[in-house]
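Report on the following structure.
FYI, it's all coordinate maths here, none of it is from the lab. These numbers come from a predicted model, not from an experiment. Every residue, glycine among them, receives a Cβ derived from its backbone with ideal geometry; neighbour counts consider all protein chains shown.
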Amino acid sequence: MKISITDKGSGITKEFAKAIGANVVGRFIYIPESKGAGYLTGFWWSSDLRMMIRNYHLKDDVYIERTNELAEGQEDIIFLITGILPSLVNSEEHLMAEQPNIMICRHAVSTVMAMPSNTLFGSVTIAVSKKYLHQMFGEIDNPVVSSVLEAKDNFVFETPVSPEIIKTASDLVLQSFPEILESRYFKLKCEELLCHIFMILLDRETVPSSTMHIQDIKAIYAVKARLQSNFEEPPHIAALAREAGMSEPKLRKLFKQTFGKGVFEHYQSGRMQKAAYLLKEKRLTVSEVGYQLGFTNLSHFSRIFEQHLGFKPKKYSAM
């Protein structure tokens, strides 16, 4: 299903609900049983700060194409934090979970939202004006923070989530507050999430930033998808650059600018996350996982795994 929605500065939640025939009860939008299960909810405190919470799954693929019609001078930064909410959706179906991740970008970049079927969405999206961010973080002297606060052109930063973010996000769905206090409580939690995100940005390696055109961003994400689809073979930079339609130096630069890691480092990190999933969730043996991910030397696999996860694979699988 493809849905076209116009965002005039207050978000797309209500328009999305109308498009899929969802039931609206107070601040909650419940996914109809014919379309999936779960809900969306959110808060709109002002044009400077709003938050949407998604905790649902869909039976069909949904693609949202959003047209932005923001007020003159409105320059929002989007913080999309995925895979962080405990699932409140009871389903007998086999559902994939979102990868825990933080994506930071200008509002204009987030014009297409893909929602694959049979995927548990447990995410929080925060839209905040640069003015509001300056009030919160403007005194911080850090080049990465400044690149977010001063962004005049398109950019995308991605980074892993922290345990503190997962805990704070869990409070959003597990804590119950009287209606008269809800808005104040959720606003505090929203700002707490922003603080945790900026704490992560303080530790991010400084990389000279370049303006990214939308096509560059799509190409870089296509490279990321290619890396995640094949962990058996190490990435071939020249081939990836040809597919992306850019030079190897440009690919390396924009990839590290976006994800905070080089191509091979990102590949190896994703490879170890996949190994952790296979060990813990699929209960495969260490040798099965190592060989499945392209390692011919299991001792080497064990060393790399420990570098990324902090434990040897056998100990990790037994935890």
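Calculate, for H300 and H134, the FRET efficiency according to 1/(1 + (r/R0)^6) with r their C-beta to C-beta distance and R0 45 Å; round to the nearest 0.05.
So the FRET efficiency works out to roughly 0.40.
If you average 1/r over every pair of different alpha-carbon atoms in the stretch 214-318 and take one over that average, what Kirkwood value in Å do you get?
Answer for the stretch 214-318: a Kirkwood hydrodynamic radius of 14.5 Å.
Please go through the stretch 215-270 and write out the chymotrypsin sites (Phe, Trp or Tyr not before Pro) that DSSP classes as loop and that have at most 12 other C-beta atoms within 10 Å.
none
Hey, fewest Cβ within 10 Å first, where do H57, H196 land in order?
Taking fewest neighbouring Cβ atoms as first place, the list is H196, H57.
Which of the DSSP-defined H helices in the chain satisfy a minimum axial length of 15 Å, computed from C-alpha atoms, and a minimum mean Kyte-Doolittle hydropathy of -0.5?
Result, helices passing both filters: 163-174, 179-202, 214-229, 298-309.
Suppose R0 equals 30 Å. What FRET efficiency, 1/(1 + (r/R0)^6) with r the Cβ-Cβ distance, do M96 and E65 give to the nearest 0.05?
0.80
At 0.36 nm per residue, minus the direct Cα-Cα distance, what do Q292 and W44 gain on full extension? Give it in nm, one decimal, please.
Using 0.36 nm per residue and subtracting the Cα-Cα distance, I get 84.6 nm.
Show that you can apply the helix-only estimate: for the chain, add -39,500 (n - 2.57) for every DSSP H stretch of four or more residues, divide by all residues, and state [θ] at 222 nm to the nearest 500.
The helix contribution divided over the chain gives -13500 deg cm²/dmol.
Calculate, in nm to one decimal, what Y30 and E205 gain on full extension: separation in residues at 0.36 nm each, minus their alpha carbon distance.
58.9 nm
Pick out which of A244, A169, A276 has the largest mean-square fluctuation in a Gaussian network model of the chain, springs linking Cα atoms closer than 10 Å.
Between A244, A169, A276, it is A276 that shows the largest mean-square fluctuation.
Which entries of K2/K59; K59/K280; K131/K152; K131/K250; K218/K253 have Cα-Cα distances beyond 20 Å here?
K59/K280; K131/K250
About its Cα centre, how strong a charge dipole does the stretch 214-318 have in debye, to the nearest 20, once Lys and Arg get +1 and Asp and Glu get -1 at the Cβ?
Using Cβ point charges on Lys, Arg, Asp and Glu, the stretch 214-318 gives about 260 debye.
Which value, in debye to the nearest 20, describes the size of the charge dipole of the chain about its Cα centre when Lys and Arg Cβ atoms bear +1, Asp and Glu Cβ atoms bear -1, and nothing else is charged?
Approximately 580 debye in magnitude.
Please build a GNM for the chain, connecting alpha carbons under 10 Å apart, and tell me which residue among E182, E281, E248 fluctuates the most.
E281
Calculate the spin-label point distance for K152 paired with E75, positioning each point 7 Å from the Cα along the beta-carbon direction, and give it in nanometres.
So the two model labels end up 0.8 nm from each other.
Cut-off 10 angstrom, C-alpha nodes, Gaussian network model of the chain. Which of V62, V148, V161 fluctuates the most?
V62
What is the extension gain from E164 to C195, computed as 0.36 nm multiplied by their sequence separation minus the C-alpha to C-alpha distance, in nm to one decimal?
Length gained, E164 through C195: 10.1 nm.
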